[in-house]
Amino acid sequence: MVNKLLLLKIFEGFSIQRWNDHARPIELTEMDKSALKLRVAYLLGKMEEKNGIIIDWEKIIYACFFELLKKIALSDIKASIHKKIKNEFPEEFDKLNNWVVDQYEVLIEDNELLKMFRNYLLEKKDLSDINFKIVRAAHKYSTIREFELIKMINSPSIRIFDIEKELNADIQQFLDLKGIQMLVTKQNLYELLSIIEQLRFQVRWGQTQRIPRTTVLGHCMMVSCFTLLFSRELKPKPSKKRLYNNVFCGLFHDLPEAVTRDIISPVKRATDNLPGIVKKIEESIVQEKLFPLIDDSFIEEIRYFTENEFNNRIIIDGEIKTVSAAEIADKYNHDEYSPVDGELIELCDKLSAFLEAYQAKRYGIDSPHLNQGRLNILNKYKNEKNICGIDVRKLFNEFAL
């Protein structure tokens, strides 16, 4: 079962600072890096699928999740040191990876997931595997995007030049990927990613101070991680398409905010009709500014991910239908129906917001906005016994203050 300690451990991704030996225009955290990486991996994978390549999306999803867990365990170890240990001391590198998994043994009750985690870290990676290649390319390109941010405010130096040279050399091995070609040559995919990346600049809970501060970009990654973990608890076991939909719906559920900006919940609820009005305006702006940049091969999928994102839904004969969680479990848990557990994604979204308020309070930030936000979420779920088979009341009781 997913527990409080594991959720708080994942939340640590917001506190791990990247490039903290350089001048930075904004905070660059591990959670945000992982969020951008999974989005890049999605875009690269979709472009390969367009060219007829079969992608194992579960491999990509779990690889990105496991690498985030590893980064959280190793905290601020520099990439250059990590690479040297891997290349020059392979036996110690394996011991280090085993140590990483050991840190999660008391946190992860899912023994199958622990075994998958250990196998992923210890297995020899094959770059000819298109799935691993996509993950590595996404890792390298998302690092390049971070470097382009810090390069602007760091004085030219041999150090900066060497980093840029190494990153450019690293990305060359992935130039056969159509998506990397489009990103490097700044085609529509690059413009789309640049808009998505604006979520990195949008700090949540804008009306109050918090520790740590979280961005919309990182928040979506946390929602996606939580959705992955809870999806593993569903009965019966979710189909591959259902798991895929849940994870990427979690990742992209706030995508419209890249062009509309986040509107805090109290403002959205200021009048009875305002939520519906805001939703219509957001959809109009997204249709005008975002969708024209999305490739025709996956535009409908993005629409499916982002519209009515918290509804349980399926697709039958090309038509989207809202259904109950029980109906998905009993009748529609098959790839052909493309099921989405919208209620589960909403739970993970609210749980993520709850943790943002909960952790700030633990760090000594006592704000009316945070207290009210935390209580609103507790009140929403205090009488809920079961959502998609998840014991919600028991979960939130672990966080009782």
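The values are calculated or read from the model by the stated rules, or taken from the named source; none is laboratory data. Given the structure is predicted, the values throughout are model-derived calculations rather than measurements. Every residue, glycine among them, receives a Cβ derived from its backbone with ideal geometry; neighbour counts consider all protein chains shown.
In segment 185-202, what residues are among the β-branched types (V, I, T) and either surrounded by 17 or more Cβ atoms within 10 Å (Cβ to Cβ) or outside the structural domain of I53 (by TED's automatic domain parsing) (or both)?
Going residue by residue through segment 185-202, those that are among the β-branched types (V, I, T) are 185, 195-196.
Scanning segment 185-202 gives a single hit, I196.
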Next on the checklist: For the list (1) of a type in the set (K, R); (2) more than 20 Å from M31 (Cβ to Cβ); (3) surrounded by 12 or more Cβ atoms within 10 Å (Cβ to Cβ), I need the number of the one condition that K115 fails.
Outcome noted: (3)
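Quick check on segment 155-163. Is at least one of its residues surrounded by 14 or more Cβ atoms within 10 Å (Cβ to Cβ) and at pLDDT below 95? Before the answer, list the steps.
Taking segment 155-163 first, the residues surrounded by 14 or more Cβ atoms within 10 Å (Cβ to Cβ) are 160, 163.
Remaining after also requiring at pLDDT below 95: 160, 163.
Looking for residues that are surrounded by 14 or more Cβ atoms within 10 Å (Cβ to Cβ) and at pLDDT below 95, one finds at least one in segment 155-163, hence yes.
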Checklist entry - If you go through segment 221-260 one residue at a time, how many are buried (at least 23 other Cβ atoms within 10 Å of the Cβ) and touching a strand residue (DSSP E or B) at 6+ places or on another chain (Cβ under 7 Å)? => result 4
Next on the checklist: What pairs come out if I take residues in segment 139-164 that are in contact (Cβ under 8 Å) with a residue 24 or more places away in the chain and pair them with residues that are part of a helix (DSSP H, G or I) and acidic (D, E) whose C-beta lies under 6 Å away, six or more apart or interchain?
Outcome noted: K140/D170
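So, in segment 310-325, exactly how many residues are of a type in the set (D, E, K, R) and in contact (Cβ under 8 Å) with a residue 12 or more places away in the chain? First the steps, then the outcome.
Within segment 310-325, the first condition is being of a type in the set (D, E, K, R), and the residues that meet it are 313, 317, 319, 321.
From what's left, in contact (Cβ under 8 Å) with a residue 12 or more places away in the chain: 313.
The qualifying residues number 1.
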Item to check | Given (1) in contact with a helix residue (DSSP H, G or I) (Cβ under 8 Å, 6 or more places away or on another chain); (2) more than 26 Å from W57 (Cα to Cα), number of the condition A400 does not satisfy | outcome: (1)
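Given the residues A35, A138, A41, which is the only one that is small (G, A, S), in contact with a Phe, Trp or Tyr (Cβ under 9 Å, 6 or more places away or on another chain) and at pLDDT 95 or above? Give the derivation first.
Values: A35 fails: in contact with a Phe, Trp or Tyr (Cβ under 9 Å, 6 or more places away or on another chain); A41 fails: in contact with a Phe, Trp or Tyr (Cβ under 9 Å, 6 or more places away or on another chain).
Within the list A35, A138, A41, the selection yields A138.
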Next on the checklist: Between a residue in segment 389-401 that is touching a residue at least 60 places away in the same chain (Cβ under 8 Å) and under 23 Å from P238 (Cβ atoms) and any residue that is crowded, with 19+ Cβ neighbours inside 10 Å and of a type outside the set (F, W, Y), which pairs come within a Cβ distance under 6 Å, given they are 6 or more apart or on different chains?
Outcome noted: G389/L234
Next on the checklist: Contact list please: Cβ distance under 8 Å, first residue in segment 109-124 and over 17 Å from L6 (Cβ atoms), second residue surrounded by fewer than 18 Cβ atoms within 10 Å (Cβ to Cβ), pairs at least six apart or on different chains.
Outcome noted: L121/N98; L122/D94; L122/N98
Next on the checklist: Among the residues of segment 349-386, what is the count of those that are outside any helix (DSSP H, G or I) and in contact with a Phe, Trp or Tyr (Cβ under 8 Å, 6 or more places away or on another chain)?
Outcome noted: 1
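Just checking, which of K71, K78 is over 21 Å from L175 (Cβ atoms) and loosely packed, with under 12 Cβ neighbours inside 10 Å? Working first, answer last.
Details: K71 fails: loosely packed, with under 12 Cβ neighbours inside 10 Å.
Exactly one of K71, K78 is over 21 Å from L175 (Cβ atoms) and loosely packed, with under 12 Cβ neighbours inside 10 Å, namely K78.
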Item to check | The lone exception for D126 - which of (1) closer than 19 Å to R18 by Cβ; (2) touching a helix residue (DSSP H, G or I) at 6+ places or on another chain (Cβ under 7 Å); (3) charged (D, E, K, R) it fails | outcome: (1)
